[in-house]
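First comes the structure, then the notes that go with it.
The values are calculated or read from the model by the stated rules, or taken from the named source; none is laboratory data. Nothing here was measured: the structure is a model prediction, and the numbers come from that model. Reconstructed Cβ throughout: ideal geometry from the backbone, glycine too, with neighbour counts over all protein chains shown. For accessibility, only protein heavy atoms count, side chains too; no ligands or nucleic acids. Shrake-Rupley method; radii C 1.70, N 1.55, O 1.52, S 1.80 Å.
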Amino acid sequence: MYKKVPGTKDILPDECAQWQAIEQTSREIFRLYNYREIRVPVIEEAALFDRSLGQSSEIVQKQMFLIKNKEDLYALRPEGTAAIVRAYIENSLDKTQGFAKFYYLGPMFRLERPQKGRLRQFHHIGCEVIGSYAPEIDVEVIRLAGALLDAYSIQGYKIQINSLGCVKDKKALSDILHKKLKDKKSGLCPDCQDRLNRNVLRILDCKDESCKKIVQGLNIGAEYLCADCQGHFDQVKSGLDGLGVKYEVSPHLVRGLDYYTRTVFEIKHDGLGAQDAIGAGGRYDNLIKELGGPDTGAIGFAFGVERLLLAGEKPQTVNNNLVYVISLGQEAKKEAAKLLNILRANGIACDTDYEGKSLKAAMRKANDLNAKFVLMLGDNELKSQSVSLKNMQTGEQKEIKQSDLIPELKC
Ligand code: HAM
């Protein structure tokens, strides 16, 4: 028997109801904020991610699903941002639209070690705003993330924000860190020893206890930010304050992708264990130009849908308003087929038994399906052109004319 690939998940019909609820809620909230959906391929040139996320990022170093095709090297997308920027530039949206707000939903792929909340195929719900440096859009995007979480009824999440500053500021911080950490190398975890020369900023948010202790001792604050970046960050914070958005400033939040500059944020949930980030994002003001587009600012975020589902309350799955038709006898079966047709044509969801179940077993099936009504059709009903209709919630049963059925079920 074949098994699913490690780190992937089958989303079975019972669970799909929750996925659909999250997707529908997201679309509704994005609509309120005037974001429009974009769908980009799941496969891109691998070089797009090398260039955007950075050669030294964990994703490019170890986690890309690569596909070699003759001379071409493709990758299953590990995230959406780079692909959306590519699409924005390739389709000349910079010229036809300029400022644009996108949202997206779909699978992402990372060759990670699978564990709770960490998969090799997982799903993002995210957004990207391209074409503005304004701190007001940072505020909108962070508020939007909170509005989505509230609409999913997820409680107890924490928003952490930081500013990495511009490219020069990031370089200044990297230099400071390198200098301060050089002689502490032996106390760092093996990954961070490697990061010291490759990606020193990532040491700041390493979860290893000995690294955390060393980082705490460094007293890293916002002193590396230039005046412009400090001013931008101050405006983001006061904008959030003005809207009553709760957040914590976390000077150790750096994010793992090279494209980030200025505002970065992460949303955490205590109920998730080690993989506690339900979503994250930030500005990437250099990426549009880097990939061949205009010199313009951008910001976005993505939620991991599997983690949203772990953090949220599990809604009861109900098969809303299903009518289950039970026919007794060959003639009734034919009439039932016509009735099912009529019900569906009138927008009423319905189903019947195709396994030759007894009346008792068919009733049990209707119960299992959470049907709202059971409609029974036997010889008597055929003669009088009626049906017996049982309301499964109240238990009430009555015989009604077939001609009255649709209005009865619709009211
Ligand atoms: P990211 O932090 O790599 O950011 O991913 C965003 C979220 O995806 C994470 O917070 C987490 O909830 C979820 N996630 C990541 N990896 C996995 C995994 N292996 N299994 C399950 N869930 C996972 C980005 O991808 C950026 N593109 C976000 C962004 C958009 N920044 C600007 N715009």
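For this structure, a couple of remarks:
- Taking every residue in the range 107-125 that is within 23 Å of Ala147 (Cα to Cα) and pairing it with any residue that is open to solvent by 30 Å² or more (accessible area, probe 1.4 Å) and near the ligand (Cβ under 6 Å from one of its atoms), at least 6 positions away or on another chain, the pairs with Cβ-Cβ distances below 7 Å are Gly117/Arg307.
- Note on the range 27-50: residues that are in a helix (DSSP H, G or I) and in contact with a helix residue (DSSP H, G or I) (Cβ under 7 Å, 6 or more places away or on another chain) total 4.
- In the condition set (1) more than 16 Å from the chain's Cα centre (by Cα); (2) open to solvent by less than 30 Å² (accessible area, probe 1.4 Å), Ile125 is compliant with all but (1).
- Cβ-Cβ under 8 Å pairs, at least 6 apart or on other chains, the range 382-411 side assigned to a loop (DSSP other than H, G, I, E, B), far side of a type in the set (A, V, I, L, M): Met392/Ala366; Met392/Ala371; Met392/Val374
- Restricting the range 153-174 to residues that are open to solvent by less than 30 Å² (accessible area, probe 1.4 Å) and not in a helix (DSSP H, G or I), the residue that is farthest from the ligand (Cβ to nearest atom) is Gly165.
- Exactly one residue out of Glu355, Glu399, Glu331, Glu290 is under 30 Å from Ala134 (Cβ atoms) and surrounded by fewer than 19 Cβ atoms within 10 Å (Cβ to Cβ), and it is Glu290.
- Test: Val129 is within 30 Å of Gly271 (Cβ to Cβ), more than 13 Å from the ligand (Cβ to nearest atom) and not hydroxyl-bearing (Ser, Thr, Tyr): no
- Matching residues, the range 20-61, being open to solvent by 50 Å² or more (accessible area, probe 1.4 Å) and over 20 Å from the mean Cα position of the chain (by Cα): Glu45, Ala47, Arg51, Gln55, Gln61
- Within the range 235-271, the residues that satisfy the criterion of being charged (D, E, K, R), exposed (fewer than 14 other Cβ atoms within 10 Å of the Cβ) and modelled with pLDDT of 95 or more are Asp241, Lys246, Glu248.
- Counting only strands (runs of 3 or more DSSP E) wholly contained in the range 65-120, the ones carrying 3 or more residues that are open to solvent by less than 20 Å² (accessible area, probe 1.4 Å) and within 12 Å of the ligand (Cβ to nearest atom) occupy 100-109.
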